[in-house]
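The values are calculated or read from the model by the stated rules, or taken from the named source; none is laboratory data. Source: prediction; values computed, not measured. Glycine also receives a Cβ, built like all others from the backbone with ideal geometry; neighbour counts cover every protein chain displayed. Areas reflect the complete protein model, heavy atoms only, side chains present, ligands, DNA and RNA absent. Shrake-Rupley method; radii C 1.70, N 1.55, O 1.52, S 1.80 Å.
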Amino acid sequence: MPREHTSRREVLNAIQTLPSIRDLLAIHDGHYEHELDLEVSVYGRNYNGKKVGPYVRLLTYEPGEPIISAGDWGGNTFYVVVNSHAEVFVNAPNGQSLKVSELPPGQQFGEMSVLAGVPRNATVKAAAAQPTQIMEVQRPALRLLRKIKSFADALDSTYRRHGRDSILAALTTRLNLTPEQAQEIKNMSLFRVFSKNHILFREGAAVDRVYFIQTGWLRRVNYPNGQKMEDYLGRGFAYGVDGVLKNVMWPYTVTLMGRTEVLEISIAKLRQNTLLRETLARGLSELGPPEIQSRVSTRPVVREKTLAAQQALIETGLVDGTNLLVMDMDLCVRCGNCSLACHRVHGQSRLMRRGIQVTRLEAPRPSAVQSILSPSVCMHCKDPECLTGCPTGAIGRFGDGQIDINKSTCIGCGDCATQCPYNAISMIPRREKASEEKVTFAIKLQDYLRIGTDPLPPPVEATDDLVAVKCNLCNNTSLNPKGSKTQAYSCEENCPTGALARITPTKYFDEIGAIQGLLVMDRTHAMGRNIHRSDPPRRLSHIAGIILTVLLTALTILGLNHYGLGERLVSFLNMRWITGLVGLVGLIGVMLYPMRRKIYTKRKGALRYWLLSHLYLGVIGGIMILLHGGTNAGGLLTTALMITFDLVILTGLFGILAYQVAPRILTKIEGSPLLIDDLLQRRDELQKELAELGASPAEPLRSLVRNKIIPRFTSFGYLLRQYLKREPLDAMIKTATGDSEAEFQQLQLPKDAERLGRAIEAAVTMRRVDALIYLHRICKWWLPPHVATTSLMLALMTIHIIQVIYYASR
């Protein structure tokens, strides 16, 4: 461990020796010019009992002691060499650590992790022969130190140099360049950072540079034969390779879609070195971009949907998440268990089923449509905007790459919440008040059955003593105890259908992974995995369930055919006893699922696997009990038991059908996924609007709205149309307006015609909202009769078992 110098005088003396930050001590008219910044950075400052800073530490490392290690996430600190020197090591292809350079006093390092959101790309150690003093600078100091021109210039220069060197290192390794060739390329190259919508080059202009894209996304456009062609590409490609050996024109225009880091190599300078240009021309051929649109299907419908999905994923920023939560809306049964699980683990849900919706193709065919929702929850961005404004460094990138908040240093300023473009950070009172809501039996029952709505966060009325909260991937909770080798997420663990998945965007979205190049390898260290595509335990559960069901059924039928129900096999055991006991065991296993569903804060296996066991054990138990009953209904108790058992099976089958059908219809007709609370509120608004239009004093408008429009478009038949035709809402409104031409002709005033159009739109929209509400409720309201009949069946079965044991013991 390094030794920290606690003397502030030593820290100030060290700052004085560093050219990049010595101006922090500049004096003007007898006072420090940056007095407040100096105090916060070096001494720390107390704001109403909350400590801010200090942000710099002076550390001494023993000879050869590691300062930073390659692969570690270091998004919160960077360093400056004070005296002696530091040594830089990279991992060679043979696995050995290779020393590549030395960092002299005044040299900064580690800033790439802070500014670019990437892991450390090299190991830096103290000098091998003597101790090394290092100034550690924390992220919040950037906002203060950037006011100093010398620091801002040094930081920019160091960032560009390291960015250039990282690309050249990858290029040198890939092309087997000599150190002399690598140095020549370095002398003729320039590392640049461009903002969104910058045009990198235009179609028809002369190719005068080779461009390597380090980070970012771009759009290519050209117009062959007057028809527009466009596509999207990511990092890792080299552009302009054809211009190295001969004069050519750019075949398309490239526009950058966000902040992009680019390495430029001057072709004019490159052509002066014949050997080097020929080496690069040969080696870079495989790094050149593909032909425009060659990475998308040639089928027009598939191509258009793929390009639209790529554009949406890039422009919304979903592709830049390091650990993205996505919901497959065809699997989401809108039960709200994910939000409830988050609420139970963290005290307040940090997950809202509102967010960014993307429609894409899972496979290159028009029918393979997948509706994905990225809910309002942290995606742990590569370049997180929320970190830029925090004055205390409470929010930062922690050891596993996740963005998290240290509550002890959060002062509740709200800067992170306002900076987050995805509404993933909430401000809540640091000390929660006791809830005054009366918990009634009805509320408890709704919570038990999960037929209530999602637990929406309560309004925050406090204005002080707030703290920021967000998704932290359930770290430091009972779900992820120390020493755990796998990561568990409460929302994913408690989704009954497997609709939620934590994923790596470039691996999950094939249309995005296919448009990245070979030069820059993925270093995001994302922890998400794609359970939508590959979920071996789920597959094994299905296989085991099917085999066990078929095997037990076949053996039971063979046994009944050979022995009948009453013939003894061993001791008192006969097939009636065996089928009854196996059925009982199956039903006991079935009841484990609702017990597991109430466990949120401990790892007990993903709920989706428990639901599968619930289904298969229910099928096995049902078959066994039906065979156990035979053809004789028995007495009143036995008859009642078999009837309730049949009702349990029927309600369960209806639930399976509802889970399979309702979400898919919802996905087809709702557009962006909506909460039931949003739908109910929207229906109330539409009802009020229709009531106002129907109460208009103008005739015949009032009669047309009351007697024609409302009955026609709020009828049961029009409700069925929502489910059968599944038209887009805009198309349905347009058709409804056209079908009402006769009503429009009865109106004299343009103002009345405009109101009639509003009434038609409101009525059609309300019926669409009604259709969505009913689908939401179908997914939930089968549960009460299923639970009621199950409870009654268990009560009757208990009586039946007592009765059987009683008569058997006589």
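Relative contact order of the chain, taken over Cα pairs closer than 8 Å and 6 or more residues apart, is 10 percent.
Shape descriptor for the range 112-220: Rg over Rh equals 1.02 (Cα atoms; Rh from the Kirkwood inverse mean 1/r). For the charge dipole of the chain, defined by +1 on Lys and Arg C-beta atoms and -1 on Asp and Glu C-beta atoms about the Cα centroid, which residue among Ser349, Gln745, Cys338 has the Cα displaced farthest towards the positive pole? So the residue we want is Cys338.
Modelled label positions at Thr549 and Leu680, each set 7 Å beyond Cα in the direction of Cβ, lie 3.5 nm from each other. Using a Förster distance of 35 Å, how high is the FRET efficiency between Arg299 and Glu203, based on the Cβ-Cβ distance and rounded to 0.05? With R0 = 35 Å, the Cβ-Cβ based efficiency is 0.85. Once all protein chains are placed together, Asp208 keeps about 70 Å² accessible to a 1.4 angstrom probe. Ile588 label point, 7 Å along Cα→Cβ, cut-off 18 Å on backbone N: hits in the range 604-626? So the set is 613-625. Rounded to the nearest Hz, the phi-derived 3J(HN,Hα) couplings of the range 656-672 under the Karplus curve 6.51 cos²θ - 1.76 cosθ + 1.60 (θ = phi - 60°) are 4, 4, 4, 5, 7, 9, 4, x, 5, 5, 4, 4, 6, 10, 8, x, 6, where x marks glycine and proline.
In terms of distances greater than 25 angstrom between alpha carbons, the cross-link table entries Lys51/Lys470; Lys688/Lys734; Lys125/Lys149; Lys507/Lys598 yield Lys125/Lys149; Lys507/Lys598. Taken along the Cα-to-beta-carbon direction at a fixed 7 Å, the label points for His542 and Arg568 span 4.6 nm.
Computed packing ranks the peptides 404-414, 130-140, 362-372 as 130-140, 404-414, 362-372, most packed first, by mean other Cβ atoms within 10 Å.
Once the C-beta distance of Ala169 and Asn247 is scaled by a Förster radius of 41 Å, the resulting FRET efficiency is 0.85 to the nearest 0.05. With all protein chains in place and ligands, DNA and RNA left out, the 1.4 Å accessible area ranks Thr506, Thr260, Thr298, Thr178 as Thr298, Thr178, Thr506, Thr260, largest first. Note on Lys51 and Gln419: the extension gain reaches 130.2 nm, defined as 0.36 nm multiplied by sequence separation minus the Cα-Cα distance. Label-to-label distance, Asp156 versus Arg702, with points set 7 angstrom from Cα along the beta-carbon direction: 7.0 nm. Gyration tensor analysis over the Cα atoms of the chain returns equivalent ellipsoid semi-axes of 57, 37, 31 Å (largest first, whole Å). Rolling a 1.4 Å probe over the protein heavy atoms gives the chain an accessible area of 48 Å² per residue.
Taking the C-alpha atoms only, the angle from helix 716-725 to the longest principal axis of the chain is near 50 degrees. Helix 575-590 sits at what angle to the longest principal axis of the chain, using alpha carbons and giving 0 to 90 degrees rounded to 10? The two axes meet at around 40 degrees. Farthest toward the positive end of the dipole of the chain, out of Val296, Gly622, Leu724, is the Cα of Gly622, where the dipole comes from beta carbon charges about the Cα centre. May I ask for the angle, rounded to the nearest 10°, between helix 783-809 and the longest principal axis of the chain, with both axes built from Cα atoms and the value confined to 0 to 90°? So the inclination is approximately 60 degrees. Label zone of Thr17 (point 7 Å out along Cα→Cβ, amide N under 14 Å): in the range 65-86 this covers 80-86.
Residues of the range 376-419 falling in the label zone of Asp465, defined by backbone nitrogen less than 14 Å from a point 7 Å along Cα to beta-carbon, are 412.
Remark: the range 66-78, residue by residue, has Karplus-estimated 3J(HN,Hα) of x, 9, 9, 10, 4, x, 6, 7, x, x, 10, 9, 9 Hz, where x stands for each Gly or Pro and the curve is 6.51 cos²θ - 1.76 cosθ + 1.60 at θ = phi - 60°. Sparse packing (at most 11 other Cβ atoms within 10 Å of the Cβ) combined with a DSSP loop state is found for the following chymotrypsin sites (Phe, Trp or Tyr not before Pro) in the range 528-608: Phe572.
Between the beta carbons of Phe744 and Leu581, assuming R0 = 60 Å, the FRET efficiency works out to 0.25 to the nearest 0.05. Scalar couplings 3J(HN,Hα) for the range 181-190, obtained by applying the Karplus form with A = 6.51, B = -1.76, C = 1.60 to θ = phi - 60°, are 5, 4, 5, 5, 5, 4, 5, 10, 10, 9 Hz; x denotes Gly and Pro.
With 0.36 nm allotted per residue and the present C-alpha distance subtracted, the Glu315-Lys482 stretch has 56.4 nm of extension available. Compared with the alpha-carbon gap, the fully stretched path from Ala731 to Glu39 is longer by 242.8 nm at 0.36 nm per residue.
The apolar share of the surface of the chain, taken as the fraction of accessible area on carbon and sulfur atoms (1.4 Å probe, ligands and nucleic acids excluded), comes to 56 percent.
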